[in-house]
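Each remark here refers to the structure printed beneath this line.
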Amino acid sequence: MIVTRPDSLSALGDCLCQLAWQGRASLDPPLPEWLEFLGVARCRGNYLEATEDWVTTALPAHTPVDLARRVAFRDPAYRLHLDFILGRVLSRMARDGRTAKVAEYLSTKLSQLAPRLAWLLSLVPDHRDDAQWSDLENRWLHPSLRTCFVAWDADLFGDILGGAEQLFPLLVDIYGPVAHQPTYARAASLHFKSGQSALVGEIIRAAQEKEAVALADRDLKVLENLALDFHLPIRHWKKTTDLRACAALVSPLRLLAAKPKDSSGSQVSPPVTLPASIKESAVLAEEAPPTGSSLRGAALEDVRAGSFPQFDLNLGNIAECLRFRAGTEKREFGWTFDHPLFGLILQFFLVEAFGRELQDDCLNILYVGNPENPETIDIYFRPESRDTRFVRLGQFDETMRSLASALNIFTVPPPVDSYASQPWLRALLLMLQGGLLLSRSGEYMISDDLFDALHGQDFMKSVLREGNPIRDRIAATLKQFYSEKAPSEAVVSVPANEPSH
């Protein structure tokens, strides 16, 4: 067992929530090694840094336990363990003559797993002999792994008595719907040689076209060993109709590795139908540059940043962290202005504020309903010209996501579904509660007291002057959105030569 896996996942959800909210965490071994193997995080000295791939593809989950499940499902060995449970039960159904029920499962709730399960079923020619399943599992999964995964089953699904048959319905309902998501493997953790990485890279490139790769017998043997030793979802055929050996992925795989060199294989049509989900396979860069935590760094220095809030947005006292205070306490919230989440919202509202101050509005943030619990928040924009009219760009959260992306910031969803399922909206409402923003006549805007304070010596340089190129980028991006929306979006009826308030 090359990768050291944790004995228990009972507290994994809490660790992952911390990693997702803060973007980094310090965790006890072997969690760091395992999470790095799964592409959830990268080790940066004494701490883990969450990867953009995990944050943007895996969040949010339904509950902390579901979040832990989704991470465990990225492990190719654990996925194989779950497939063995499903395959064993389906085999017994076939043995008992319930072939119609097997076909129903494979065409409905387990359709995403059908190629993987069909592959396993093909390895057990005599469905009447349950011992063959035990022999196969013993060959593919080390006893220490099986012991570990039984404990994981209890952590993720509860203590289920009665064996595979009793766990089967839960796997059908919980694992089946997400079986199209990729498994992950880090080449360095598996001590891949360059030739092995190249072969897997070739398989992955073929998978992106739903193709197989024709290989020489020696290369096919290497892939057989990779599948057996490291549980990668690779199926191989020694001879096909055209007498060529080939291999293909039967479920999506993402390999963390240096960019592999081209191998000698060639893409061919697979002998069986492969699932569309394998197109999500990819080779991810092993050494991605560290992400930053600075709005200025992302917008002006091309340092990729995530909008990690750095604390749980659902805690009851969070608004106090963002509360505007008078006098000498203003410095206490100075961190807000370079924050990729809160800082971008403030600079966005400053674009609106300066336009309003010059009586030439270019940006309106309009809400419907209670300002502290709005039904909708819509963004209206026009270029800086009285000859143009306002166009609706979209709702606040979707607009901020697109704006952040244009400024080199990726949006971080909450780890678990909650009121914060729209992070930009949740941040806006917290800033409203803290007095950094206010609502007036159906619009959100920066508070008068804060706007005045920003013109004082504390923040004039760091927020207004140094923030000017950031606001220029915001305005330029909004103009791009405007040009895309203007041809198809109806303009509002507010006359262009009148301020909105």
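The values are calculated or read from the model by the stated rules, or taken from the named source; none is laboratory data. This one's a predicted model, so the numbers in the text were calculated from it and none came from an experiment. We place every Cβ from the backbone using ideal geometry, glycine too, and count neighbours over all the protein chains shown. Only protein heavy atoms, including side chains, enter the accessible area calculation; ligands, DNA and RNA are left aside. Shrake-Rupley method; radii C 1.70, N 1.55, O 1.52, S 1.80 Å.
Under the 0.36 nm per residue contour assumption, what length would be gained going from the current alpha-carbon distance of SER405 and SER8 to full extension? Each step should come with its number before you reach the end.
Working: separation 397, 0.36 × 397 = 142.92 nm, distance 3.67 nm.
Here the segment from SER405 to SER8 would lengthen by 139.3 nm.
Under the rule a/c < 1.5 gives rounded, and otherwise a/b versus b/c splits prolate from oblate, where does the range 18-79 land using the Cα gyration tensor?
On the way: a/c = 1.68, a/b = 1.24, b/c = 1.36.
Oblate, since a/c reaches 1.5 and b/c is not below a/b.
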Give, rounded to the nearest 20 debye, the magnitude of the charge dipole that the range 161-295 has about its Cα centre when Lys and Arg contribute +1 at Cβ and Asp and Glu contribute -1 at Cβ.
300
Report, ordered by chain and residue number, the aspartates and glutamates lying within cross-link reach of LYS485, taken as a straight Cα distance under 15 Å and ignoring same-chain residues fewer than 8 apart.
ASP378, GLU398
Based on the Cβ-Cβ distance from SER439 to LYS479, what FRET efficiency comes out when R0 is 25 Å, to the nearest 0.05?
0.40
Which lysines does LYS239 reach when only Cα atoms under 30 Å apart count, and residues fewer than 8 places away in its own chain are ignored?
LYS193, LYS210, LYS221, LYS259, LYS261, LYS279
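I need to check one value: relative contact order of the chain, counting alpha carbon pairs closer than 8 Å and at least 6 residues apart, in percent.
15
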Dipole of the chain (Lys/Arg Cβ +1, Asp/Glu Cβ -1, origin at the Cα centre): which of ILE377, PHE451, ALA164 lies farthest to the positive side?
ALA164
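If you count only protein heavy atoms with a 1.4 Å probe, what accessible area per residue comes out for the chain, rounded to a whole Å²? Intermediate values should be presented prior to the final figure.
Values: 21600 Å² over 501 residues.
Heavy-atom SASA per residue in the chain reads 43 Å².
So for the range 89-168, what are the equivalent ellipsoid semi-axes in whole Å, largest first, each being the square root of 5 times an eigenvalue of the Cα gyration tensor? Working shown, then result.
Numbers: eigenvalues 97, 56, 32 Å².
Here the semi-axes work out to 22, 17, 13 Å.
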Just to be sure I understand: of the beta bridges DSSP finds with both ends in the chain, what percent are antiparallel, rounded to 5?
75
For percent of Cα pairs over 35 Å apart, the choices are (1) 67; (2) 56; (3) 45; which was calculated from the structure?
(3)
Please list, or write none, the aspartates and glutamates whose alpha carbon is within less than 20 Å of the alpha carbon of LYS238, excluding same-chain residues fewer than 8 places away.
GLU202, GLU211, ASP217, ASP219, GLU224, ASP229
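Given a Förster distance of 35 angstrom, what is the FRET efficiency for ASN138 paired with LYS279, based on the Cβ-Cβ distance and rounded to 0.05?
Working: r = 34 Å, r/R0 = 0.96.
Plugging the Cβ-Cβ distance into 1/(1 + (r/R0)^6) gives 0.55.
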In nm, give the distance between the simple-model label positions of ASN314 and ILE160, each being 7 Å from the Cα along the Cα-to-Cβ direction.
2.5
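What is the gain in length, in nm to one decimal, between GLU52 and LYS238 on full extension, counting 0.36 nm per residue of separation less the C-alpha to C-alpha distance? Before the final figure, lay out the partial values.
Working: separation 186, 0.36 × 186 = 66.96 nm, distance 3.83 nm.
Extra length from GLU52 to LYS238 when fully extended: 63.1 nm.
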Protein accessible area in the chain, 1.4 Å probe - carbon and sulfur %:
49
Among ALA247, SER483, VAL65, the residue whose Cα sits farthest towards the positive end of the charge dipole of the chain, when +1 is placed on the Cβ of each Lys and Arg and -1 on the Cβ of each Asp and Glu, is ALA247
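Please quote Rg/Rh for the range 103-229 to two decimal places, taking the Kirkwood radius as Rh and restricting both calculations to Cα atoms. Spell out each step's value before the answer.
Working: Rg = 16.9 Å, Rh = 17.3 Å.
Value, to two decimals: 0.98.
Determine the sum of side-chain charges near LEU106: Lys and Arg each +1, Asp and Glu each -1, restricted to other residues whose C-beta is under 13 angstrom from that of LEU106. Kindly include the intermediate steps, with their values, before the conclusion.
Details: positive: ARG98, LYS101, LYS109, ARG116; negative: ASP83, GLU104.
Overall, the nearby charge balance is +2.
From the convex hull of the Cα coordinates of the range 1-124, what is the mean projected area in square nanometres? Walk me through the numbers before you get to the answer.
Values: hull surface 36.4 nm².
Mean projected area for the range 1-124: 9.1 nm², to one decimal.
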Nearest 0.05, what FRET efficiency do ARG323 and HIS455 give at R0 = 25 Å with Cβ-Cβ as r?
0.80
Dipole of the chain, Cα-centred, from +1 at each Lys and Arg C-beta and -1 at each Asp and Glu C-beta, to the nearest 20 debye?
1360
Taking H placed 1.01 Å from N in the peptide plane, check which residues at least 5 places from SER266 or on another chain put their amide H under 5 Å from its amide H.
ALA214
Between TRP335 and ARG95, what is the label-to-label distance in nm when each label sits 7 Å out along the Cα-to-Cβ direction?
6.0
For VAL303 and THR147, calculate 0.36 nm times their separation in residues minus their Cα-Cα distance, and state this gained length in nm to one decimal.
51.8 nm
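With runs of 4+ DSSP H residues as the only contributors, calculate the mean residue ellipticity of the chain at 222 nm using -39,500 (n - 2.57) per run, divided by the residue total and rounded to the nearest 500. Write out the running numbers ahead of the final one.
Working: 19 runs with 205 residues, N = 501.
Dividing the helical sum by the residues of the chain leaves -12500 deg cm²/dmol.
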If you wrap a convex hull around the alpha carbons of the range 174-219, what volume per residue comes out, as a whole number of Å³?
110
